[in-house]
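The values are calculated or read from the model by the stated rules, or taken from the named source; none is laboratory data. Keep in mind that this is a model prediction, so the values were computed, not measured. Neighbour counts run over all protein chains shown; Cβ positions are idealised from the backbone, glycine included.
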Amino acid sequence: MRFDAEQRFDAEVDHLLGLFTDPDFYATLTDLPKISTPELLDHRTAGGRIHISYRQRYTGDLPAAAKSMIDVDKISWIEELSFDLGSRTAETQLKPDHYADRFSCHGRYTFRDLGRGRASRRLDGDLRIRVPLVGGRVESALVSGLKEHADAERELIEERLLAAQAILARVDAKRGKDAKHKNGKAAKGSKAKKATSAKSGKPDKKS
């Protein structure tokens, strides 16, 4: 089953990418519907790409007809993400902990600059559940859960982005204040030196 999901944010696209490549970010995605909080397993940079992997499990429900063939408590996976910052994309693959012969999912995230300080993250994916008679209904249930999760996740991410932007604004303001103070001290020192030179009748030496 092919599917897509898009999230839009009030943030610059590079700030959005910075958030999703921050390993500390994923543990903050708590109390969201249908999918558990990510458990970070790996974060590394290799070959010009950033690789992140984490474990999650499905916490939603399944169609009654599927429960005799699939234990919902065993629907868990490791998601492997590979970010290419140059192209602003990330390849994703879900590797199931159980039912590896029946479950597969992969796709690509695309991060886009929408202009005026806005950006989007779009997922184009392909989910397959190979179970006779009910596979299609399980796919629909899982995709519905993924989209519900993505909608709730977007609000949480917006909060994280606003908090990060506020911190950056405070850091920039402090840097500007420190630079202004430093320049002011330098200007006062130069004036004092010139005044001293004028009183002594000696010309001010310039380096």
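Here is how the numbers come out for the structure above:
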item	result
Answer residue from the stretch 57-74, given it is free of Cβ contacts under 8 Å to residues at least 40 places away in the same chain and in a loop (DSSP other than H, G, I, E, B) and is nearest to D97 (Cα to Cα) among those	D71
Index of the failed condition, L127 passing every other in (1) in a helix (DSSP H, G or I); (2) touching a helix residue (DSSP H, G or I) at 6+ places or on another chain (Cβ under 7 Å); (3) crowded, with 18+ Cβ neighbours inside 10 Å; (4) not β-branched (V, I, T)	(1)
Identity of the residue in the stretch 19-30, free of Cβ contacts under 8 Å to residues at least 60 places away in the same chain and not in a loop (DSSP other than H, G, I, E, B), that ends up surrounded by the most Cβ atoms within 10 Å (Cβ to Cβ)	Y26
Which numbered condition P33 misses (of (1) assigned to a loop (DSSP other than H, G, I, E, B); (2) surrounded by 17 or more Cβ atoms within 10 Å (Cβ to Cβ))	(2)
Any hit, the stretch 92-109, residues being touching a helix residue (DSSP H, G or I) at 6+ places or on another chain (Cβ under 6 Å) and in a strand (DSSP E or B)	no
Unique match (being modelled with pLDDT of 95 or more and at positive phi) among R122, R88	R88
Selection from the stretch 77-93 of residues that are closer than 16 Å to T37 by Cα and without any contact (Cβ under 8 Å) to a residue 24 or more places away in the chain	none
Hey, A11 touching a strand residue (DSSP E or B) at 6+ places or on another chain (Cβ under 7 Å), modelled with pLDDT under 95, of a type in the set (A, V, I, L, M) and part of a loop (DSSP other than H, G, I, E, B) or not	yes
Hits in the stretch 149-169 (condition: more than 16 Å from S120 (Cα to Cα) and either at pLDDT below 90 or acidic (D, E) (or both))	A163, A164, Q165, A166, I167, L168, A169
All positions within the stretch 48-73 that are among the basic types (K, R) and in contact with a strand residue (DSSP E or B) (Cβ under 8 Å, 6 or more places away or on another chain)	R49, R55, R57
Residue satisfying all of: in the stretch 36-81; more than 23 Å from the chain's Cα centre (by Cα) and hydrophobic (A, V, I, L, M, F, W, C); surrounded by the most Cβ atoms within 10 Å (Cβ to Cβ) among these	I75
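Residue-by-condition table, conditions (1) touching a helix residue (DSSP H, G or I) at 6+ places or on another chain (Cβ under 6 Å); (2) part of a strand (DSSP E or B); (3) of a type in the set (D, E, K, R):
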| residue | (1), (2), (3) |
| --- | --- |
| L41 | no, yes, no |
| I50 | no, yes, no |
| R55 | no, yes, yes |
| E80 | no, yes, yes |
| S87 | no, no, no |
